[in-house]
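Worksheet for the structure shown next.
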Amino acid sequence: MSRMTKIGPGRIAIDLERFIAHRRHRWQELETLLERIAEGGDRQLGRTVILDLVRLYRLACSDLNQARSCTANPELLGRLNQLVGRAYRIVYREAGVRRGPGWMATIKRFLVHDVPLTFSSERRWVVTAAVMMLLGALVGFAAVVANPANGTLLIPEQFFSESPAERVEKIEAKEERIDSMQDAAQFSSQLYTHNIQVSFLAFSLGALTVVGGWLILFYNGVILGAVAAMYLRDGVGTFFLAWVGPHGALELPAIVFAGAAGLRMGQALLLPGNDGRAAAVRGAFTVVWRMLLTGALVLVAAGLIEGSFSQFSSKTVPYAVKISVAVLLFTGLCLWLFRPRRVSLA
(Lines give C-alpha, C1' and ligand atoms only; values in the text may rest on other atoms or scores of the structure.)
Protein backbone atom coordinates (compact mmCIF):
# COMPACT_ATOMS: atom_id res chain seq x y z
CA MET A 1 0.00 0.00 0.00
CA SER A 2 1.42 3.39 -0.98
CA ARG A 3 2.74 5.61 1.77
CA MET A 4 2.28 9.11 0.44
CA THR A 5 -0.24 10.71 -1.85
CA LYS A 6 -2.21 13.96 -2.23
CA ILE A 7 -5.76 14.69 -1.34
CA GLY A 8 -8.34 17.45 -1.12
CA PRO A 9 -8.55 20.89 -2.72
CA GLY A 10 -5.42 22.03 -0.96
CA ARG A 11 -3.49 19.00 -2.28
CA ILE A 12 -2.12 18.25 1.19
CA ALA A 13 0.18 15.27 1.36
CA ILE A 14 -1.11 12.61 3.75
CA ASP A 15 0.03 9.24 4.98
CA LEU A 16 -2.49 6.76 3.61
CA GLU A 17 -1.78 4.22 6.31
CA ARG A 18 -2.40 6.88 8.95
CA PHE A 19 -5.66 7.79 7.19
CA ILE A 20 -6.81 4.16 7.41
CA ALA A 21 -5.67 3.81 11.02
CA HIS A 22 -7.60 6.93 12.08
CA ARG A 23 -10.81 5.94 10.24
CA ARG A 24 -10.83 2.17 10.71
CA HIS A 25 -12.56 2.27 14.08
CA ARG A 26 -15.64 4.04 12.74
CA TRP A 27 -15.83 1.71 9.74
CA GLN A 28 -15.81 -1.21 12.14
CA GLU A 29 -18.45 0.53 14.24
CA LEU A 30 -20.68 0.92 11.20
CA GLU A 31 -20.14 -2.71 10.19
CA THR A 32 -21.08 -3.86 13.70
CA LEU A 33 -24.22 -1.74 13.67
CA LEU A 34 -25.24 -3.08 10.25
CA GLU A 35 -24.76 -6.64 11.46
CA ARG A 36 -26.96 -5.91 14.50
CA ILE A 37 -29.65 -4.52 12.26
CA ALA A 38 -29.41 -7.51 9.91
CA GLU A 39 -29.79 -9.94 12.80
CA GLY A 40 -32.59 -8.09 14.60
CA GLY A 41 -34.46 -6.67 11.66
CA ASP A 42 -34.50 -3.05 10.56
CA ARG A 43 -38.21 -2.23 10.52
CA GLN A 44 -38.43 -1.19 14.18
CA LEU A 45 -35.23 0.78 14.60
CA GLY A 46 -35.14 3.12 17.53
CA ARG A 47 -34.34 6.80 17.17
CA THR A 48 -30.89 6.42 18.74
CA VAL A 49 -29.92 3.60 16.40
CA ILE A 50 -31.13 5.54 13.37
CA LEU A 51 -29.17 8.63 14.39
CA ASP A 52 -26.03 6.55 14.92
CA LEU A 53 -26.55 4.86 11.59
CA VAL A 54 -26.98 8.16 9.74
CA ARG A 55 -23.95 9.68 11.47
CA LEU A 56 -21.69 6.72 10.64
CA TYR A 57 -23.07 6.53 7.10
CA ARG A 58 -22.24 10.19 6.47
CA LEU A 59 -18.74 9.69 7.84
CA ALA A 60 -18.24 6.62 5.65
CA CYS A 61 -19.41 8.60 2.60
CA SER A 62 -16.91 11.32 3.43
CA ASP A 63 -14.15 8.76 3.89
CA LEU A 64 -15.02 7.11 0.58
CA ASN A 65 -14.90 10.41 -1.29
CA GLN A 66 -11.59 11.23 0.35
CA ALA A 67 -10.12 7.79 -0.33
CA ARG A 68 -11.15 7.88 -3.99
CA SER A 69 -9.27 11.14 -4.45
CA CYS A 70 -6.05 9.85 -2.95
CA THR A 71 -5.71 6.19 -3.88
CA ALA A 72 -6.72 3.55 -6.40
CA ASN A 73 -6.25 0.71 -3.90
CA PRO A 74 -9.03 -1.76 -4.88
CA GLU A 75 -9.26 -3.37 -1.45
CA LEU A 76 -9.79 -0.11 0.41
CA LEU A 77 -12.21 1.34 -2.15
CA GLY A 78 -14.06 -1.97 -2.46
CA ARG A 79 -14.55 -2.25 1.30
CA LEU A 80 -15.77 1.34 1.65
CA ASN A 81 -17.99 1.05 -1.40
CA GLN A 82 -19.64 -2.08 -0.02
CA LEU A 83 -20.01 -0.53 3.44
CA VAL A 84 -21.60 2.64 2.09
CA GLY A 85 -23.92 0.58 -0.12
CA ARG A 86 -25.16 -1.55 2.78
CA ALA A 87 -25.81 1.49 4.94
CA TYR A 88 -27.40 3.39 2.04
CA ARG A 89 -30.19 0.85 1.64
CA ILE A 90 -31.20 1.03 5.30
CA VAL A 91 -30.76 4.79 5.76
CA TYR A 92 -32.83 5.67 2.71
CA ARG A 93 -35.54 3.22 3.61
CA GLU A 94 -35.79 4.51 7.16
CA ALA A 95 -35.65 8.13 6.01
CA GLY A 96 -38.67 7.52 3.77
CA VAL A 97 -36.71 8.27 0.62
CA ARG A 98 -37.63 5.08 -1.18
CA ARG A 99 -40.71 5.34 -3.34
CA GLY A 100 -42.75 2.65 -5.03
CA PRO A 101 -42.07 -1.11 -5.14
CA GLY A 102 -38.81 -2.52 -3.85
CA TRP A 103 -37.56 -3.67 -7.24
CA MET A 104 -37.90 -0.16 -8.65
CA ALA A 105 -35.82 1.24 -5.81
CA THR A 106 -33.21 -1.47 -6.38
CA ILE A 107 -32.94 -0.71 -10.10
CA LYS A 108 -32.76 3.02 -9.45
CA ARG A 109 -30.05 2.61 -6.85
CA PHE A 110 -28.08 0.30 -9.16
CA LEU A 111 -28.16 2.74 -12.07
CA VAL A 112 -27.81 6.00 -10.15
CA HIS A 113 -25.48 4.97 -7.33
CA ASP A 114 -23.80 1.57 -7.73
CA VAL A 115 -22.81 1.70 -11.39
CA PRO A 116 -21.26 5.21 -11.42
CA LEU A 117 -19.44 4.50 -8.14
CA THR A 118 -18.05 1.25 -9.56
CA PHE A 119 -16.83 2.79 -12.81
CA SER A 120 -15.28 5.74 -11.01
CA SER A 121 -13.36 3.47 -8.64
CA GLU A 122 -12.31 1.12 -11.47
CA ARG A 123 -11.55 3.90 -13.94
CA ARG A 124 -7.97 2.74 -14.55
CA TRP A 125 -9.14 -0.58 -16.02
CA VAL A 126 -11.54 1.17 -18.37
CA VAL A 127 -8.79 3.57 -19.44
CA THR A 128 -6.39 0.68 -20.02
CA ALA A 129 -8.91 -1.18 -22.20
CA ALA A 130 -9.81 1.98 -24.13
CA VAL A 131 -6.16 2.80 -24.76
CA MET A 132 -5.54 -0.67 -26.23
CA MET A 133 -8.47 -0.27 -28.63
CA LEU A 134 -7.38 3.26 -29.60
CA LEU A 135 -3.83 2.09 -30.25
CA GLY A 136 -5.20 -0.61 -32.53
CA ALA A 137 -7.36 1.95 -34.35
CA LEU A 138 -4.34 4.19 -34.93
CA VAL A 139 -2.32 1.27 -36.30
CA GLY A 140 -5.13 0.16 -38.61
CA PHE A 141 -5.77 3.70 -39.80
CA ALA A 142 -2.07 4.40 -40.47
CA ALA A 143 -1.62 1.09 -42.31
CA VAL A 144 -4.41 1.85 -44.78
CA VAL A 145 -3.36 5.48 -45.25
CA ALA A 146 0.17 4.28 -46.05
CA ASN A 147 -1.06 1.60 -48.46
CA PRO A 148 -4.76 1.14 -49.35
CA ALA A 149 -4.06 -2.50 -50.26
CA ASN A 150 -3.65 -3.16 -46.54
CA GLY A 151 -7.38 -2.65 -46.18
CA THR A 152 -8.19 -5.98 -47.83
CA LEU A 153 -5.65 -7.68 -45.57
CA LEU A 154 -6.82 -6.15 -42.29
CA ILE A 155 -10.58 -6.01 -42.78
CA PRO A 156 -12.52 -9.33 -42.62
CA GLU A 157 -14.28 -10.22 -45.87
CA GLN A 158 -17.76 -9.88 -44.36
CA PHE A 159 -17.03 -6.22 -43.59
CA PHE A 160 -15.47 -5.40 -46.96
CA SER A 161 -17.24 -6.63 -50.09
CA GLU A 162 -17.10 -3.47 -52.19
CA SER A 163 -15.48 -0.06 -52.16
CA PRO A 164 -16.87 2.40 -49.61
CA ALA A 165 -17.89 4.88 -52.32
CA GLU A 166 -19.87 2.18 -54.16
CA ARG A 167 -21.58 1.09 -50.97
CA VAL A 168 -22.59 4.64 -50.07
CA GLU A 169 -23.93 5.23 -53.56
CA LYS A 170 -26.13 2.15 -53.34
CA ILE A 171 -27.42 3.01 -49.88
CA GLU A 172 -28.30 6.57 -50.82
CA ALA A 173 -29.95 5.50 -54.09
CA LYS A 174 -32.15 2.73 -52.70
CA GLU A 175 -35.19 2.85 -50.46
CA GLU A 176 -34.58 2.77 -46.72
CA ARG A 177 -33.62 -0.69 -45.42
CA ILE A 178 -35.71 -0.19 -42.28
CA ASP A 179 -39.30 0.93 -42.76
CA SER A 180 -41.09 -0.58 -39.76
CA MET A 181 -40.57 -1.35 -36.09
CA GLN A 182 -40.73 -5.07 -36.91
CA ASP A 183 -37.87 -4.76 -39.39
CA ALA A 184 -35.82 -2.76 -36.90
CA ALA A 185 -36.36 -5.30 -34.12
CA GLN A 186 -35.48 -8.23 -36.38
CA PHE A 187 -32.34 -6.58 -37.70
CA SER A 188 -31.28 -5.53 -34.19
CA SER A 189 -31.52 -9.12 -32.95
CA GLN A 190 -29.12 -10.20 -35.72
CA LEU A 191 -26.58 -7.59 -34.64
CA TYR A 192 -26.44 -8.69 -31.01
CA THR A 193 -24.67 -11.96 -31.83
CA HIS A 194 -21.44 -10.41 -33.09
CA ASN A 195 -21.29 -7.79 -30.33
CA ILE A 196 -21.89 -10.39 -27.63
CA GLN A 197 -19.18 -12.62 -29.10
CA VAL A 198 -16.62 -9.83 -29.13
CA SER A 199 -17.54 -8.74 -25.60
CA PHE A 200 -17.35 -12.33 -24.33
CA LEU A 201 -13.93 -12.80 -25.92
CA ALA A 202 -12.67 -9.52 -24.49
CA PHE A 203 -13.81 -10.51 -21.00
CA SER A 204 -12.80 -14.16 -21.00
CA LEU A 205 -9.37 -13.64 -22.58
CA GLY A 206 -8.70 -10.75 -20.20
CA ALA A 207 -9.77 -12.78 -17.17
CA LEU A 208 -7.79 -15.87 -18.11
CA THR A 209 -4.63 -14.33 -19.56
CA VAL A 210 -4.79 -10.50 -19.30
CA VAL A 211 -2.59 -10.28 -22.41
CA GLY A 212 -5.28 -11.98 -24.48
CA GLY A 213 -7.72 -9.27 -23.43
CA TRP A 214 -5.31 -6.58 -24.58
CA LEU A 215 -4.84 -8.33 -27.93
CA ILE A 216 -8.55 -8.74 -28.73
CA LEU A 217 -9.20 -5.08 -27.91
CA PHE A 218 -6.21 -4.06 -30.04
CA TYR A 219 -7.37 -6.26 -32.94
CA ASN A 220 -10.89 -4.82 -32.95
CA GLY A 221 -9.35 -1.35 -32.88
CA VAL A 222 -7.25 -2.24 -35.93
CA ILE A 223 -10.36 -3.23 -37.88
CA LEU A 224 -12.16 -0.04 -36.85
CA GLY A 225 -9.22 2.17 -37.84
CA ALA A 226 -8.74 0.39 -41.16
CA VAL A 227 -12.42 0.70 -42.09
CA ALA A 228 -12.45 4.39 -41.14
CA ALA A 229 -9.37 5.03 -43.30
CA MET A 230 -10.93 3.23 -46.29
CA TYR A 231 -14.02 5.42 -46.12
CA LEU A 232 -11.96 8.56 -45.64
CA ARG A 233 -9.73 7.78 -48.63
CA ASP A 234 -12.82 7.22 -50.78
CA GLY A 235 -14.16 10.65 -49.83
CA VAL A 236 -17.10 9.35 -47.78
CA GLY A 237 -15.72 9.89 -44.29
CA THR A 238 -18.76 11.93 -43.25
CA PHE A 239 -21.03 9.04 -44.21
CA PHE A 240 -18.92 6.71 -42.07
CA LEU A 241 -19.25 8.96 -39.02
CA ALA A 242 -23.00 9.32 -39.54
CA TRP A 243 -23.51 5.61 -40.21
CA VAL A 244 -21.38 4.17 -37.42
CA GLY A 245 -21.46 7.04 -34.93
CA PRO A 246 -24.91 6.69 -33.32
CA HIS A 247 -24.54 3.02 -32.34
CA GLY A 248 -20.74 3.07 -32.16
CA ALA A 249 -20.92 5.70 -29.43
CA LEU A 250 -22.40 2.97 -27.21
CA GLU A 251 -21.23 -0.25 -28.82
CA LEU A 252 -17.50 0.45 -28.65
CA PRO A 253 -17.58 1.57 -24.98
CA ALA A 254 -19.59 -1.56 -24.12
CA ILE A 255 -16.83 -3.75 -25.59
CA VAL A 256 -14.27 -1.70 -23.69
CA PHE A 257 -16.25 -2.26 -20.47
CA ALA A 258 -16.24 -6.02 -21.04
CA GLY A 259 -12.50 -5.92 -21.66
CA ALA A 260 -11.96 -3.80 -18.55
CA ALA A 261 -13.97 -6.26 -16.45
CA GLY A 262 -11.85 -9.08 -17.83
CA LEU A 263 -8.62 -7.27 -16.99
CA ARG A 264 -9.89 -6.58 -13.46
CA MET A 265 -10.74 -10.24 -12.94
CA GLY A 266 -7.48 -11.29 -14.58
CA GLN A 267 -5.53 -9.30 -12.03
CA ALA A 268 -7.43 -11.02 -9.20
CA LEU A 269 -6.79 -14.48 -10.67
CA LEU A 270 -3.20 -14.08 -11.84
CA LEU A 271 -1.83 -11.37 -9.54
CA PRO A 272 -3.86 -11.78 -6.34
CA GLY A 273 -1.39 -10.15 -3.95
CA ASN A 274 -0.70 -11.03 -0.34
CA ASP A 275 -4.30 -11.84 0.61
CA GLY A 276 -4.47 -14.82 -1.75
CA ARG A 277 -6.44 -15.64 -4.90
CA ALA A 278 -9.75 -16.45 -3.18
CA ALA A 279 -9.86 -13.12 -1.36
CA ALA A 280 -8.82 -11.22 -4.50
CA VAL A 281 -11.56 -12.86 -6.58
CA ARG A 282 -14.18 -12.13 -3.92
CA GLY A 283 -13.05 -8.51 -3.86
CA ALA A 284 -13.27 -8.24 -7.65
CA PHE A 285 -16.56 -10.10 -8.11
CA THR A 286 -18.96 -7.26 -7.32
CA VAL A 287 -17.30 -4.64 -9.50
CA VAL A 288 -16.83 -7.13 -12.35
CA TRP A 289 -20.46 -8.20 -12.56
CA ARG A 290 -21.59 -4.58 -12.33
CA MET A 291 -19.32 -3.65 -15.23
CA LEU A 292 -20.50 -6.64 -17.27
CA LEU A 293 -24.18 -5.93 -16.62
CA THR A 294 -23.70 -2.27 -17.51
CA GLY A 295 -21.93 -3.28 -20.72
CA ALA A 296 -24.80 -5.64 -21.57
CA LEU A 297 -27.39 -2.90 -21.06
CA VAL A 298 -25.38 -0.50 -23.21
CA LEU A 299 -25.03 -3.18 -25.91
CA VAL A 300 -28.80 -3.64 -26.00
CA ALA A 301 -29.26 0.09 -26.49
CA ALA A 302 -26.55 0.11 -29.19
CA GLY A 303 -28.22 -2.79 -31.02
CA LEU A 304 -31.59 -1.05 -31.03
CA ILE A 305 -30.01 2.11 -32.42
CA GLU A 306 -27.94 0.21 -35.00
CA GLY A 307 -30.99 -1.70 -36.19
CA SER A 308 -33.06 1.42 -36.67
CA PHE A 309 -31.71 4.98 -36.47
CA SER A 310 -28.22 4.19 -37.80
CA GLN A 311 -29.67 2.58 -40.94
CA PHE A 312 -31.40 5.71 -42.17
CA SER A 313 -29.74 7.41 -45.12
CA SER A 314 -29.38 11.16 -45.52
CA LYS A 315 -32.72 11.19 -47.35
CA THR A 316 -34.44 10.60 -44.00
CA VAL A 317 -31.96 11.89 -41.42
CA PRO A 318 -29.21 14.39 -42.35
CA TYR A 319 -25.65 13.40 -41.57
CA ALA A 320 -25.24 16.35 -39.20
CA VAL A 321 -28.16 15.15 -37.08
CA LYS A 322 -26.83 11.60 -36.83
CA ILE A 323 -23.33 12.79 -35.90
CA SER A 324 -24.81 15.14 -33.28
CA VAL A 325 -26.80 12.27 -31.80
CA ALA A 326 -23.60 10.20 -31.62
CA VAL A 327 -21.81 12.99 -29.73
CA LEU A 328 -24.72 13.38 -27.32
CA LEU A 329 -24.93 9.65 -26.64
CA PHE A 330 -21.21 9.32 -25.94
CA THR A 331 -21.16 12.44 -23.77
CA GLY A 332 -24.18 11.26 -21.81
CA LEU A 333 -22.61 7.84 -21.24
CA CYS A 334 -19.39 9.39 -19.94
CA LEU A 335 -21.25 11.79 -17.66
CA TRP A 336 -23.34 8.96 -16.26
CA LEU A 337 -20.39 6.73 -15.47
CA PHE A 338 -17.50 9.07 -14.75
CA ARG A 339 -18.81 12.49 -13.73
CA PRO A 340 -17.24 13.39 -10.36
CA ARG A 341 -19.85 13.23 -7.64
CA ARG A 342 -20.01 13.14 -3.91
CA VAL A 343 -21.87 10.50 -1.95
CA SER A 344 -24.36 11.96 0.52
CA LEU A 345 -27.87 11.68 1.82
CA ALA A 346 -29.00 14.73 -0.09
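Which FRET efficiency value, to the nearest 0.05, do you get for Ile107 and Ile196 by plugging their Cβ-Cβ distance into 1/(1 + (r/R0)^6) with R0 = 22 Å?
Computed FRET efficiency for Ile107 and Ile196: 0.50.
Arrange the residues Leu59, Leu77, Leu51, Leu201 by how much accessible surface each exposes, largest first, with a 1.4 angstrom probe.
Ranking Leu59, Leu77, Leu51, Leu201 by accessible area, largest first, yields Leu51, Leu201, Leu59, Leu77.
Between the alpha-carbon centers of the stretch 253-291 and the stretch 21-92, tell me the distance in whole angstrom.
Result: 24 Å between the Cα centres.
What accessible area per residue comes out for the stretch 192-235, rounded to a whole number of Å², with a 1.4 Å probe?
48
Please say if the stretch 219-317 is rounded, prolate or oblate, where rounded means a/c under 1.5 for a ≥ b ≥ c the square roots of the C-alpha gyration tensor eigenvalues, and otherwise the choice is prolate for a/b larger than b/c and oblate otherwise?
Note, shape of the stretch 219-317 comes out oblate.
Compute the distance in nm between two label points, each set 7 Å from the Cα along the Cα-to-Cβ direction, one at Arg124 and one at Val145.
The two pseudo-label positions are separated by 3.2 nm.
Rolling a 1.4 angstrom probe over the protein heavy atoms, how many square angstrom per residue are accessible across the stretch 250-346?
47
So which aspartates and glutamates pass the test for Lys174, namely a Cα distance under 18 Å, with those fewer than 8 places away in the same chain ruled out?
Those aspartates and glutamates meeting the cut-off are Glu162, Glu166, Asp183.
The values are calculated or read from the model by the stated rules, or taken from the named source; none is laboratory data. Being a predicted model, the structure only gives us computed values, none of them experimental. Using ideal geometry, Cβ is built from the backbone for each residue, glycine included, and neighbour counts are taken over all protein chains shown. Note: accessible area is taken over every heavy atom of the protein model, side chains too, but ligands, DNA and RNA are not part of it. Shrake-Rupley method; radii C 1.70, N 1.55, O 1.52, S 1.80 Å.
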